[in-house]
Every structure is written in structure tokens, then in C-alpha cells.
């Protein structure tokens, strides 16, 4: 299955307050990401995207990583912004042993 849209088939950099992500969105709906945190630690992975193009410049993405870390993003390619929602395991949480947070970032194609 092939997806269409101005985001897929492209590479980008997303700058979050505590990390930088280099991402590649395939036309088949796969994501390769490589994140460097503020201490220089690098993690990477390949994910299957759930993707919806909301408009010419707004894109909604979601994926679940092998660790259970879940990411949802709204990317505005016109204004260069990302609104992300992260959900992850938290043994101390009384809400299904998960915690979550919203994170804002900047976005640009490379």
C-alpha cells in the first residue's frame, strides 16, 4: 500500500527541547528515526506509521515502538512546527502504569 502526501518520501529534522530527531518517511508508510539527546546519546528505530494528511501542510502521524513508547504528532510543514504527544511505561503511575506528556518542536525538511 502506498500513501501520498507532501511529507512521505522526504527526510526532515525535528528539534525538541531535550533532543534532535533525524527522520525519514518512506512512501510506503515506514519511518526511520535517529534521536540524539542533550547528552549525546543516540537511539534509532524503524516503525510502521499510521498517517493522515489533514491538509496540504498539516500531517497527523502515530506509531508504537517495540518498547511500547507511543508517539502521536501533528506536523505543520508550512510553519515548521510539531505538536507531539508521548505515552510510555511508568510503573508508579496509577493510570494503567503509563505516563504521558505533550512536547513542542520545530520541523524542517533536509
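On full extension of the chain, what length is gained from residue 66 through residue 87, given 0.36 nm per residue of separation minus the C-alpha to C-alpha distance? Can you show the working numbers first?
Working: separation 21, 0.36 × 21 = 7.56 nm, distance 1.29 nm.
So the extension gain works out to 6.3 nm.
For the chain, set up a Gaussian network in which alpha carbons nearer than 10 Å are linked by springs, and say which option among 91, 18, 65 fluctuates the most.
91
In the Gaussian network model of the chain, springs joining C-alpha atoms below 10 Å, which of 26, 93, 50 carries the largest mean-square fluctuation?
Sorting by GNM fluctuation, first place goes to 93.
Per residue, what volume in Å³ does the convex hull of the Cα atoms of the chain enclose?
Details: hull volume 11.8 nm³, N = 110.
Enclosed volume per residue, from the Cα hull, is 107 Å³.
Would you mind computing, in nm to one decimal, how far apart the modelled labels at residue 100 and residue 18 are, each placed 7 Å from Cα along Cα→Cβ?
Reported label-point gap for residue 100 and residue 18 is 1.8 nm.
Bear in mind that the values in this text are calculations on the coordinates, not laboratory data. Source: prediction; values computed, not measured. FYI the Cβ positions are ideal-geometry reconstructions off the backbone, even for glycines, and counts take in every protein chain you see.
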